[in-house]
Amino acid sequence: MKYSTVDEWQGRYFGEAYLEIYARLMYERKKVLREVDFIQNALHLKKGSRILDLACGFGKHLVFFLKKGLCAFGLDIMHPYLRYAMGKMPVTFRKKPPLVIGTMTRLPFQEETFEAIVSLFNSFGYRPMDAPDPDMAILREVARVLRTGGQFLVEVPNKQPVIKMVRTTPQTIQCGRDFLIHEFWDYDTQWKILFNRTFFNIRGGITEAGYCLRLFTLRELTALFQNAGLGVQRIFGDYDGAEYDRAISPMMLVIGEKPGRQRVKALSHGKRQY
């Protein structure tokens with residue numbers, strides 16, 4: 001399945017079927033709260049800290065950020081998701097919800113607005129996007145709106161286990177009482193792109209969709225961070241805080257920091273080995 005435009009693939013994959021399954025049928029409150037606790041501790045966030053949830057979707061993390069007293073904002077390109085998130089906001093935020101429709105490559109915020117930014121649940125690396133070099137465009141926007149000393153946490157799939165899964169299990173199925181997700185997988189070694197074709201089945205109604213996702217090694221992601229002026233500080237392998245292992249970790253949780261101007265210049269010319 002091929003998509004030529006951003007609106008085409010996003011509108012199909014992140015449509016009503018995805019929202020119904022992930023927001024209502026597969027939502028795990030305890031799991032999300034554990035992730036939010038990890039993020040708050042890892043980024044040293046206090047009450048009142050300004051945080052942006054990039055591609056916040058239906059607001060599953062954003063709601064808990066707000067309940068913890070953080071000054072949190074959510075940005076997403078899908079209006080139905082933001083409308084759903086608005087309905088889940090704490091009552092005090094419903095008249096003026098901290099939700100913004102927009103794209104990650106052109107953030108509608110002023111420079112140095114946030115102390116922290118997060119990109120969760122594999123929201124980084126999709127193709128196509130609305131920029132020639134979307135990964136760098138996103139990271140430069142992140143660096144622009146982060147305050148000096150601010151931190152960016154991104155969750156991406158761990159490349160090696162994903163490729164192993166594709167080769168050994170090119171089809172996967174998840175199912176529940178009212179739904180079934182049948183997915184087909186492929187990986188292009190030249191372009192480093194993971195291809196997904198999905199059939200969402202909700203009570204007999206089937207929707208076909210899919211996506212293309214760039215997979216990164218830690219070395220590649222670190223180089224992108226450095227080129228955008230963000231220094232990689234810490235890497236975890238999951239939301240329990242486990243040490244990252246490229247062979248077995250389910251994900252990469254990479255935390256970068258926006259240093260002062262002199263340090264940014266040094267990072268852009270320096271090299272780090274992993």
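Here, each number is a calculation from the coordinates, and none is a lab measurement. The model shown is predicted, which means the values in this text are computed figures rather than measured ones. Cβ: placed from backbone, ideal geometry, glycine included. Neighbour counts: every protein chain shown.
Counting 0.36 nm for each residue step from residue 25 to residue 94 and taking away their Cα separation leaves a gain of 22.5 nm. Backbone N atoms of the stretch 18-61 closer than 13 Å to the 7 Å Cα→Cβ label point of residue 86 are not found in any residue. Springs join every pair of Cα atoms under 10 Å in this Gaussian network model of the chain, and among 229, 204, 256 the largest mean-square fluctuation is at 204.
Among the trypsin sites (Lys or Arg not before Pro) in the stretch 199-232, those located in a DSSP loop and surrounded by at most 14 other Cβ atoms within 10 Å of their own Cβ are 203. For the cross-link pairs 31/258; 31/96; 46/67; 164/192, the ones whose C-alpha atoms lie over 18 Å apart are 31/258; 31/96. For a straight C-alpha distance cut-off of 20 angstrom, the aspartates and glutamates reachable from residue 30 (same-chain residues fewer than eight places away being disregarded) are 20, 53, 155, 238, 240. Annotation note: chymotrypsin sites (Phe, Trp or Tyr not before Pro) in the stretch 59-146 located in DSSP loop regions with a Cβ neighbour count of at most 14 within 10 Å are absent. In summary, no helical segment of the chain meets the span-like criteria, namely a full DSSP H run, a Cα extent along the axis of 24 angstrom or more and a mean Kyte-Doolittle hydropathy of at least 1.0. Out of these labelled values of Cα extents along the principal axes in Å, (1) 58, 49, 35; (2) 54, 45, 39; (3) 65, 41, 26, which was calculated from the coordinates shown here? Read-out taken from this structure: (1).
Over the C-alpha atoms of the stretch 162-210, the Rg to Rh ratio, Rh being the Kirkwood estimate, stands at 1.06. Rounded to 0.05, the FRET efficiency of the residue 122 and residue 147 pair, given R0 = 30 Å and the Cβ-Cβ distance, is 0.70.
The chymotrypsin sites (Phe, Trp or Tyr not before Pro) of the stretch 162-226 that DSSP puts in a loop, and whose beta carbon has at most 16 other beta carbons within 10 Å, are 191. In the elastic network of the chain, a GNM with C-alpha springs shorter than 10 Å, the most mobile of 242, 23, 209 is 242. Charges were assigned to the Cβ only: +1 to each Lys and Arg, -1 to each Asp and Glu. The resulting dipole of the stretch 80-236 about its Cα centre is roughly 420 debye.
Helical runs (DSSP H, four residues minimum) scored at -39500 (n - 2.57) apiece and divided by the length of the chain put the mean residue ellipticity at 222 nm at -8500 deg cm²/dmol.
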